[in-house]
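Trainee: Let me begin by handing over the structure; questions about it come next.
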Amino acid sequence: MSRARADEEEYWHSSKFRAFTFDDEDDELSQLKESKRTVNSLRDIVDDDDDDLERVSWSGEPVGSISWSIKETASGSTSSLEGRDSSLQKGSSSYAALPKQGSSYSLSSLFKGRNKLSSFQSLSDALTDTGVKNFAPELRRPRAEYKDYSSDWSPKDTVRRMQRGKVCSLERFRSLQDKLVLLDEAVAGHDGNVITAVLIFLKRTLRREILFRELEVRQVALCHLIHFLREMGEQKFLLDLLRFLDRTEEVALSQYREHLNIQDVEKRREFLKGCIGLPFSAEDTSHIQDHYTLLERQIIIEANDRQLEMAGQSELFRKYPRKASILNMPLVTTLFYSCFYHYTEAEGMFSSPTNLKKTFKIPDKQYVLTALAARAKLRAWGDVDALLTTKNWLGYTKKKAPIGFHRVVEILQRNNAPVQVLQEYVRLVEDADTRLNLATKYKCHDVVIETYRDLKDRIQLTAYKDKVERGSAEEEKIHSILSNMVRTAY
């Protein structure tokens, strides 16, 4: 009897199979891994595309038939129940790891082929019943791989993942301390998109008073939030934030910007009138007052000019129809419009250029530049001459251009001024080289000849003779100057 028992022990120890023991906690896992390797080896044997061949089970019945399914399910259920009952009786902990829904599947169903749904049931599918069709996946994975799903990320790790463009849920940060640490990590990362994303999360999950109080000591995040609110047009939230920070001037400016959203001109005028009393700085208050006054003038000018244009009583409006309304235009555009259509009006008229110049304290340089462009476009050369002529206290007149005569020449040339007009102002350019360049560029021959004469440059004067027409007055002038130079030399 003892020898027979010894032989039996030797048989079990010499076999490649191990006896089941409840003391070995990894025994079932090793069996599952062995099954997994067996299933994977079937992929090289079983032809998945051979759907026409009828597969037969070990019992001789076609795989997938009703009787086969009943038997397989029954056998799997019986074996599972027996194993579970034995484990409960013996106090084993290894079987407790298997989920209950795995009892309706048997390993033999994995080896006998495919069912009518033409898909293998993997071992992990059988155990978890998730419906995933992976073929014998890994039984266990490192814990780190599940961090994305368990949201087990620190604020620093979350910010790093957001910087790499990965989707992260911020809902796990529930306490105020965690949210502030997350914000500080985002600011330390110097990524504007991440900072904005965290601020949107805090804006949604914190009370305004708490958020404002914490941002007051975090200036970088505060600037990001202010910029975001302005870009998104969340005016009410922005005003509440600025009031909490006691930034009265910024509150006033934010309210003033609301006029851009008002389309009706009368409502905009009333709104600007109300903005004058807001707590602006002295300089800004002056600008708001000028804006209101300008819009008021534009309303008056627009109404009068529209009536004149529709009545057809003005030759200027008939010859040069208006291309757009003057309403809501900048001051410089309004000045150009007045110089174009109302240049000769008395100073007492709201549409008079001189009235605009005096009311809004327009500098002489800006006024001359704008008026010159308007009158040159109309080819009113007499007005251009009068604009650039000044008279001193003794009654003497001279030409004066606050913008420089070289710019006067360029403006006149762009408006196709005659050569005679151009030459008059090219002569007034003080710098000789600039005067020569302009005269040569715009073919003001008389100015070129006179400049070379004043410089006593006989060589350049002789060379320039080839650039004028033969027998022209300019050629005769060059001959006369060269002859005088020769007589003077002797």
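The values are calculated or read from the model by the stated rules, or taken from the named source; none is laboratory data. Nothing here was measured: the structure is a model prediction, and the numbers come from that model. Note that each Cβ is placed from the backbone with ideal geometry, even for glycine, and that neighbours are counted across all protein chains shown. The area values use the complete protein model at the heavy-atom level, side chains included, leaving out ligands, DNA and RNA. Shrake-Rupley method; radii C 1.70, N 1.55, O 1.52, S 1.80 Å.
Trainee: On the protein heavy atoms, probe 1.4 angstrom, tell me the percent of accessible surface of the range 261-362 carried by carbon and sulfur. It would help to have the intermediate numbers written out before the result.
Mentor: Numbers: 3300 of 5950 Å².
So the carbon and sulfur contribution to the accessible surface is 55 percent.
Trainee: Stretched out fully, how many nm does the piece from residue 457 to residue 235 gain, at 0.36 nm a residue minus the Cα gap? Could you put the intermediate results ahead of the total?
Mentor: Values: separation 222, 0.36 × 222 = 79.92 nm, distance 6.99 nm.
Difference between extended and current length: 72.9 nm.
Trainee: If you roll a 1.4 Å probe over the range 433-490 with all protein chains in place, what percent of the accessible area is carbon or sulfur? If you can, show how the numbers build up before the last one.
Mentor: Working: 1810 of 3900 Å².
Within the range 433-490, the accessible surface is 46 percent carbon and sulfur.
Trainee: May I ask you to rank 228, 336 by accessible area, largest first, using a 1.4 Å probe over the protein chains only?
Mentor: 336, 228
Trainee: How high is the FRET efficiency between residue 394 and residue 344 when r is their beta carbon distance and R₀ equals 30 Å, given to the nearest 0.05?
Mentor: Working: r = 28 Å, r/R0 = 0.92.
With R0 = 30 Å, the Cβ-Cβ based efficiency is 0.60.
Trainee: Count the net charge of all other residues whose Cβ sits under 13 Å from the Cβ of residue 295, scoring Lys and Arg as +1 and Asp and Glu as -1.
Mentor: It works out to a net charge of -1.
Trainee: Next up: Pop out the carbon and sulfur fraction of the accessible area of the range 155-246 as a percent, whole number, probe 1.4 Å.
Mentor: Values: 2610 of 5260 Å².
Carbon with sulfur: 50 percent of the solvent-accessible area.
Trainee: If you count only protein heavy atoms with a 1.4 Å probe, what accessible area per residue comes out for the range 155-246, rounded to a whole Å²? The partial results should precede the final answer.
Mentor: On the way: 5260 Å² over 92 residues.
Heavy-atom accessible area per residue stands at 57 Å².
Trainee: With respect to the cross-link table entries 267/358; 179/203; 443/465; 400/477; 398/477, which display a Cα-Cα separation exceeding 20 Å? Kindly include the intermediate steps, with their values, before the conclusion.
Mentor: Numbers: 267/358 27 Å; 179/203 11 Å; 443/465 13 Å; 400/477 29 Å; 398/477 27 Å.
With Cα atoms farther than 20 Å apart: 267/358; 400/477; 398/477.
Trainee: Next up: When Lys and Arg each count +1 and Asp and Glu each count -1, what net charge do the other residues less than 14 Å away from residue 253, Cβ to Cβ, add up to?
Mentor: Numbers: positive: 230, 243, 247, 257; negative: 249, 250, 258, 283, 284.
Net charge around residue 253: -1.
Trainee: Right, next: Going through the range 181-244, which trypsin sites (Lys or Arg not before Pro) have at most 12 other Cβ atoms within 10 Å and a DSSP loop state? Walk me through the intermediate numbers first.
Mentor: Values: sites: 203, 204, 207, 208, 213, 218, 230, 236, 243; in loops: 207, 218.
Of the trypsin sites (Lys or Arg not before Pro), the ones in loops of the range 181-244 whose Cβ has at most 12 other Cβ atoms within 10 Å are 207.
Trainee: Separate question: Expressed in whole Å with the largest first, what are the equivalent ellipsoid semi-axes of the range 229-277 derived from the C-alpha gyration tensor as the square root of 5 times each eigenvalue? Intermediate results must be reported in sequence, preceding the final value.
Mentor: Values: eigenvalues 89, 36, 7 Å².
Whole-Å semi-axes of the equivalent ellipsoid: 21, 14, 6.
Trainee: What is the spin-label model distance, in nm, from residue 313 to residue 262 if the labels are put 7 Å beyond Cα along the C-beta direction?
Mentor: If labels sit at residue 313 and residue 262, their model points lie 3.2 nm apart.
Trainee: Suppose each label sits 7 Å from its Cα in the direction of the beta carbon; what would the residue 430-residue 300 distance come out to in nanometres?
Mentor: 4.0 nm
Trainee: Run the simple label-point estimate for residue 414 and residue 359 please: 7 Å along Cα→C-beta, distance reported in nm.
Mentor: Distance between label points: 2.7 nm.
Trainee: Find the relative contact order for the range 155-246 and round it to a whole percent, using C-alpha pairs within less than 8 Å whose residues are 6+ positions apart. Could you put the intermediate results ahead of the total?
Mentor: On the way: 54 pairs, mean separation 20.5, N = 92.
Rounded, it is 22 percent for the range 155-246.
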